[in-house]
Amino acid sequence: MNGWIKIHRQLLSWEWYSCTNTTRVFIHLLLTASWRNARWQGVEIPRGSVFASPETLATATGLSRQQVRTVITRLKSTSEITTKSTSKGTLITLCNFKTYNSEETDSNQHFNQRDNQKLTSDQPAINQRLTTSEEGKKDKKDKNERTKAAKASSFDFSFPPEMPEQMKAALIRWQAHRREIKKPITATGWAALIADCLKCPATMEDAISKSILSGWQGLFPDPSKSTEPESAKSKPKTLPANWREIGQLRYGRDFSGVEIEQLTYDEFGDIQRDCRFYADNPEQLAADMAQADQLSPP
């Protein structure tokens, strides 16, 4: 766009200058405001005014609509601008526009006149493009959601041949429950769930039924229902000092007062593997514990 505006170095001492978003929007308004009194579709556009909205300003400056609304509130609070609702939209007027755009030279007036005529004539087209852009974003979002749903529905929720029929029925109910609460099971989650169900079908079936009745997203198996094989007699007798925290994270129950010898063979093996993993990934332990707190039943 040809033409120019004047910006004095005193802008550096302006109270909003250090606020990047506010300065950005303010300068954009200076650049787009009409340099003279004009009319557009029967609406008066005073010198130093421009039709704009949070949506159009957000698109032009790269900010969010909420950030633009905050900027508009700030500029109004210090009397930098005023706003007026009209049948064609919101008219924003810069109160001290003449300070930045005084009487121009003939050449600058020529450029500003031509550019403002083009701006006002292009206003409907600009509004149309912005509307189309918003509709395009919504269509893209809807398309992405449909794609995710299609992927989830096409995922192969197959069962291994050795899976008991009663356990299959419980897993089908669990799939339906997770879809109902809009938390579908992922491929990785399904593989881990199948492994747990093959190892302790009775325990997992009970956990599934309990979580569905309670409306929970996670599963919280009761370790007291697990059976201990003979090989438990040969298990090691040592675990890291934080094994009780990791055990609670793994099984969703309090291990306070529980001794290592009281763990079942499966519990000991699971906790031991988890302890090794978290020893190598300490930051993951904090993240998983925070997530477990959110998923824990009341």
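The values are calculated or read from the model by the stated rules, or taken from the named source; none is laboratory data. Owing to the predicted nature of the structure, the values given are computational and were not obtained by experimental measurement. For neighbour counting, all protein chains shown are included, and Cβ atoms are generated from backbone atoms with ideal geometry for every residue, glycine included.
Within region 15-28, the residues that satisfy the criterion of being in contact with a helix residue (DSSP H, G or I) (Cβ under 8 Å, 6 or more places away or on another chain) and either under 22 Å from R47 (Cβ atoms) or not assigned by TED's automatic domain parsing to the domain that holds I92 (or both) are V25, F26, H28.
Just so you know, in region 186-202 the residues that are small (G, A, S) and surrounded by fewer than 15 Cβ atoms within 10 Å (Cβ to Cβ) include one that is modelled with the highest pLDDT, and it is A195. I'd like the full set of residues that are surrounded by fewer than 21 Cβ atoms within 10 Å (Cβ to Cβ) and either under 19 Å from S34 (Cα atoms) or among the acidic types (D, E) (or both), limited to region 57-74. A60, T61 - these are the residues of region 57-74 that are surrounded by fewer than 21 Cβ atoms within 10 Å (Cβ to Cβ) and either under 19 Å from S34 (Cα atoms) or among the acidic types (D, E) (or both).
When S79, S18 are checked against the criterion of being modelled with pLDDT of 85 or more and at positive phi, a single residue qualifies: S79.
Residue-by-condition table, conditions (1) in contact with an Asp or Glu (Cβ under 7 Å, 6 or more places away or on another chain); (2) at pLDDT below 85; (3) not assigned by TED's automatic domain parsing to the domain that holds N101:
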site	(1), (2), (3)
N2	yes, yes, yes
L31	no, no, no
A38	no, yes, no
E44	no, yes, no
S49	no, no, no
L57	no, no, no
R65	yes, no, no
R74	no, no, no
K84	no, no, no
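R47 meets each of the listed conditions (1) touching a Phe, Trp or Tyr at 6+ places or on another chain (Cβ under 7 Å); (2) over 17 Å from Y100 (Cα atoms); (3) basic (K, R) apart from (2). Residue-level check: of (1) surrounded by 12 or more Cβ atoms within 10 Å (Cβ to Cβ); (2) part of a loop (DSSP other than H, G, I, E, B), G257 misses just (1). Per the listing K183, K118, the residue uniquely of a type in the set (K, R), under 30 Å from E55 (Cβ atoms) and either at pLDDT below 60 or not assigned by TED's automatic domain parsing to the domain that holds T56 (or both) is K118.
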